[in-house]
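Presented below is the structure to which this report refers.
The values are calculated or read from the model by the stated rules, or taken from the named source; none is laboratory data. Just so it is clear, the model here is predicted, and its values are computed rather than measured. Backbone-built Cβ (ideal geometry, glycine too); neighbour counts: all protein chains shown. Just so you know, the surface numbers come from the protein's heavy atoms only, side chains and all, with ligands and any DNA or RNA stripped out. Shrake-Rupley method; radii C 1.70, N 1.55, O 1.52, S 1.80 Å.
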Amino acid sequence: MESNPHAPLASLIDLMMDAVFAVDAHANIVFASASCERIFGYTPKEMIGKNMFDIMLPEDREVTRNSVVEIMSGNPQFHFENRYVHKNGHVVNIMWTARWSPADQLRIGVARDITERKRSESLQSALYAISEAAHTAEDLLKLFQRIHEIVGTLLPVDNFSVTLYDDETGELSFPYHVDQFLQRPDPFTLIPGTFYAEIIHTGQPLLLTPETKVAHLEELRVSFGMNPLCWLGVPLKSHKGTIGVLMVKSYPGGVCYNEQDQELLQFVSTQIATVIERQQMQARMQYMAQYDQLTDLPNRGFLHDRLKAAISTARRQQGQLSLLYIDLDKFKQVNDTLGHGIGDLLLQGTAARLKLCVRESDTVARIGGDEFVVLLQGVSLPEHAQVVEKIRNAFNLPFTLEGHRLTISPSIGIALYPEHGKDERQLLEYADKAMYLAKHGKEQ
């Protein structure tokens with residue numbers, strides 16, 4: 001039998017950690033070494049006849065075609081990088097050394113798997129990028145958009161969502177939701193037994209692949225409409241517990257996530273949860289600085305800001321505005337006889353009735369004690385009078401507070417811009433004095 005003079009070379013190639021390929025001018029594989037199975041998941045026999053572009057990540061095809069043109073023009077490539085989809089669905093990063101053999105009309109390439117290196121580099125870059133996003137994002141929505149972009153550098157995430165969980169109300173909300181087939185859901189109460197509930201209550205990630213999701217298929221359809229190929233959710237954890245879920249999924253034809261992707265997403269989710277918690281804390285602090293804690297109305301400082309802006313608009317447009325300064329008659333008597341608890345309920349009820357008397361564009365503020373201010377923008381004198389009448393009528397109905405039936409009347413002082421003042425201090429002082437005159441008139 002005649003021996004194969006190239007057998008030692010072929011055996012040496014098969015022992016290489018890198019994979020060796022021979023590809024024709026149309027990118028069809030004509031030779032693949034044994035190492036290709038370790039890197040791509042396909043045996044050499046399965047690889048031969050395949051087109052390289054068919055197993056390549058679609059996003060990398062155009063830049064690869066440009067590289068192929070260079071190689072076939074006689075310019076070898078030594079460190080070209082692109083990505084492929086492994087037989088089991090996950091993405092592998094490859095660094096190529098390739099040249100064109102005019103005599104054989106073949107492109108000879110050596111493929112090195114650099115997935116772990118790229119993952120480590122990307123993870124480090126993502127950490128810095130997320131940290132930067134946390135300090136530059138103007139709001140949570142822009143933050144989630146940026147994080148989506150960052151995670152997209154680590155793995156394919158065409159379908160990406162951030163779901164937040166309110167432990168007090170048990171409600172899920174979807175501040176960020178990008179999905180090929182499913183519109184953003186309206187907020188709803190967490191349903192026991194669903195994937196969201198499992199992640200939130202256990203604090204553990206959940207990976208559903210084509211092999212593992214069969215038992216959950218009915219629930220999957222109910223929860224997500226079109227049946228996805230792969231679903232991966234990880235908890236967003238704060239020091240208070242699980243505050244939501246970071247979720248990615250793929251549909252048929254897309255990639256399938258694995259445990260490495262799960263670990264990666266868990267790492268990213270820790271950073272995201274920290275940012276969300278900090279942003280929420282900042283939002284709460286800002287809210288506390290601007291709103292009255294008892295009535296949830298704008299406080300004195302916030303009223304000043306809105307009044308200053310309203311005066312600027314009225315001055316520029318030569319318009320008008322009205323300021324109503326409201327004080328509850330005999331409120332101290334309610335506190336003294338029935339207690340501060342009933343007094344607080346009365347203040348909350350007053351706030352609710354005042355808001356019903358004005359437009360959404362108007363402002364109702366509590367500036368202290370039983371004193372409220374209503375800012376009416378762009379109203380004529382007849383309209384202003386109608387609002388005052390609505391407020392008086394609203395207080396004709398008694399308040400029923402924990403079994404106590406109270407009839408309270410307001411004293412109202414009115415200031416008009418520009419007749420009674422040109423700035424916020426002058427208008428508030430005029431309205432305040434007008435209110436005390438009205439109250440004094442009642443007492444005589």
**Request:** Go through HIS90, HIS177 for me and flag whichever is surrounded by 14 or more Cβ atoms within 10 Å (Cβ to Cβ) and under 21 Å from the mean Cα position of the chain (by Cα).
**Result:** HIS177
**Request:** Scan the range 148-174 for residues that are more than 17 Å from the chain's Cα centre (by Cα), within 23 Å of SER125 (Cα to Cα) and free of Cβ contacts under 8 Å to residues at least 40 places away in the same chain and report the count.
**Result:** 1
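How many residues, within the range 134-148, are surrounded by fewer than 12 Cβ atoms within 10 Å (Cβ to Cβ) and part of a helix (DSSP H, G or I)?
Here is the first cut: in the range 134-148, the ones surrounded by fewer than 12 Cβ atoms within 10 Å (Cβ to Cβ) are 135-136, 138-139.
So of that shortlist, the ones also part of a helix (DSSP H, G or I) come out as 135-136.
Counting residues in the range 134-148 that are surrounded by fewer than 12 Cβ atoms within 10 Å (Cβ to Cβ) and part of a helix (DSSP H, G or I) gives 2.
Can you say whether THR350 is at pLDDT 90 or above, of a type in the set (Ser, Thr, Tyr) and loosely packed, with under 13 Cβ neighbours inside 10 Å, as far as the supplied structure shows?
no
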**Prompt:** Quick one: what pairs do we get from the range 177-193, first residue within 13 Å of THR163 (Cβ to Cβ), second part of a loop (DSSP other than H, G, I, E, B) and open to solvent by 50 Å² or more (accessible area, probe 1.4 Å), C-beta under 6 Å, 6+ apart or different chains?
**Reply:** HIS177/ARG184
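Would you pick out the residues in the range 405-422 that are surrounded by 15 or more Cβ atoms within 10 Å (Cβ to Cβ) and of a type outside the set (Phe, Trp, Tyr)?
LEU406, ILE408, PRO410, SER411, ILE412, GLY413, ILE414, ALA415, LEU416, PRO418, HIS420, GLY421
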**Message:** Within the range 45-64, take every residue that is assigned to a helix (DSSP H, G or I) and over 26 Å from VAL157 (Cβ atoms) and give me the one that is least open to solvent (accessible area, probe 1.4 Å).
**Reply:** MET47
**Prompt:** What are the residues in the range 19-43 that are over 17 Å from TRP100 (Cα atoms) and surrounded by fewer than 19 Cβ atoms within 10 Å (Cβ to Cβ), if any?
**Reply:** ALA34, GLU37, ARG38, GLY41, TYR42, THR43
**Pairs, first closer than 19 Å to ASP423 by Cβ in the range 291-303, second open to solvent by 40 Å² or more (accessible area, probe 1.4 Å), C-beta under 7 Å, six or more apart** = PRO298/GLN290; PRO298/TYR291; PRO298/ARG306; GLY301/GLN290; PHE302/GLN290; PHE302/TYR291
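Out of the residues in the range 133-146 that are among the charged types (D, E, K, R) and at pLDDT 85 or above, state the one that is nearest to the chain's Cα centre (by Cα).
Restricting attention to the range 133-146, the residues satisfying the condition of being among the charged types (D, E, K, R) are 138-139, 142, 146.
Then drop every residue that is not at pLDDT 85 or above, which leaves 142, 146.
Working: LYS142: 7, ARG146: 9 Å.
Only one residue fits best here, namely LYS142.
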**Request:** Name, by its number, the condition in (1) part of a loop (DSSP other than H, G, I, E, B); (2) exposed (fewer than 14 other Cβ atoms within 10 Å of the Cβ); (3) touching a residue at least 60 places away in the same chain (Cβ under 8 Å) that does not hold for ARG278.
**Result:** (1)
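Do the conditions hold for ARG306, that is, is it touching a Gly at 6+ places or on another chain (Cβ under 9 Å), touching a residue at least 12 places away in the same chain (Cβ under 8 Å) and open to solvent by 50 Å² or more (accessible area, probe 1.4 Å)? Give the derivation first.
Working: touching a Gly at 6+ places or on another chain (Cβ under 9 Å): no; touching a residue at least 12 places away in the same chain (Cβ under 8 Å): yes; open to solvent by 50 Å² or more (accessible area, probe 1.4 Å): yes.
Spelling it out, it is not the case that ARG306 is touching a Gly at 6+ places or on another chain (Cβ under 9 Å), touching a residue at least 12 places away in the same chain (Cβ under 8 Å) and open to solvent by 50 Å² or more (accessible area, probe 1.4 Å).
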